[in-house]
Amino acid sequence: MLHRRRFLQLGSLGLSAFSFSSFRMPAASRKPIVISTWDAGIEANKAAWKILRNGGRALDAVEQGVMVTESSLNCCVGLGANPDRDGHVTLDACIMDEHANCGSVAFLERIKHPVSVARRVMEKTPHVMLVGEGAQQFAVAEGFPLEPDKLSDDAKKSYENWLKKSEYKPVINIENSKKSTAAVPTRLENGDWNHDTIGMVAMDAEGNLSGSCTTSGMAFKMRGRLGDSPIIGAGLYVDNEVGAATATGQGEDVIRICGTHLVVELMRQGLSPENACKKAVERIIKIKGAKAKEIQVGFIAINKRGEYGGYCIQKGFNFAVCYADDKNFLVDGKYIL
Ligand code: SD4
């Protein structure tokens, strides 16, 4: 109960305790917490949680977390992924910390952990983004091994199959096939991957936020194509005063609305993570009109109180949430269409 003298002081200012505009209920803060896109997020969260539960920094957690997905032998986020239409695997990744430091690499070839190269760009260069040959040159100078220039056996099969028609046609929810319950992405029966991106955002025990996003991009894309994943404000955004968000799905449409920056700004205006993600999805649907049915985009977000949420265009998107040793679970994204 409010102390009587304090109540009288407020009264003398013409305010009651409950109309005082800056009055807030004490925030229930759930921290640390980590969330990540799709079912592969379960394994990635485990690695991130090991760091968070021991008082580690969110930045380390989001790097180590998505590295699990990048290095999974049977995964399409890293070098085992489907190639572009010219037969080359090109990788995009970015990372952002609580001080708005950020780093990104795009159109990077033959490097196993693009997220770690993105972190080096952030920490060791005056730049935010490095692309293509320059990104690879930087990675090698930083001691990242140059991996062999060849497709995995599965990717080769899948590419040869694709070449028969050479049609660029992104498959909605390919990342989350009902045929697979595996926490680590696996090939589908038709040879496609069930995953090509992971985005992760986390808050550590200190209450600091960070995020990462890493992808092989859309399978059989044009050579040189970038999606949203390496673009700060599109595939990932962190504002340590407000919250953090990441995106997955058709990158072109995330870029169009500066998706994750929009989600964070909507949270700044007071929306919950779920409602902020929903509004961003609605904006894409409004822009796309009838064509929205042909695409999938999903956003996930956390705020400074450790509340989380996600939303997507259509059914089939899910994300993994972890905030305790025994709490690492999948949540189905709510959808609009
Ligand atoms: C891209 N947003 O390259 C990525 C693809 C993706 O789940 O997220 N797929 O456009």
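Below, the figures for the structure above:
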quantity	calculated
Sites matching GluC sites (Glu not before Pro) across the range 220-291 that sit in DSSP coil, with at most 14 neighbouring C-beta atoms within 10 Å	Glu241
Full-stretch length increase - Met222, Lys165 - with 0.36 nm per residue and alpha-carbon distance subtracted	19.0 nm
Relative contact order computed over the range 28-335 (Cα-Cα under 8 Å; 6+ residues apart), in percent	24
Rounded to the nearest 20 debye, dipole of the range 28-335 from Cβ charges on Lys, Arg, Asp, Glu	780
Mean separation of Cα contacts under 8 Å, 6 or more apart, over the residue count of the range 49-163: relative contact order %	22
The range 183-316 - percent relative contact order, Cα under 8 Å, separation 6 or more	20
Exceeding the 31 Å Cα-Cα cut-off - candidates Lys221/Lys279; Lys112/Lys286; Lys31/Lys293	Lys112/Lys286; Lys31/Lys293
Cα-Cα separations in the range 28-335 greater than 32 Å, expressed as whole percent	17
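Every read-out reported here was derived from the displayed coordinates using simple, explicitly stated rules and does not represent laboratory data. Worth saying up front: this structure is predicted, and the values here are computed from it rather than measured. Heads up, the Cβs are rebuilt from the backbone with ideal geometry, glycines too, and the neighbour counts pull from every protein chain shown.
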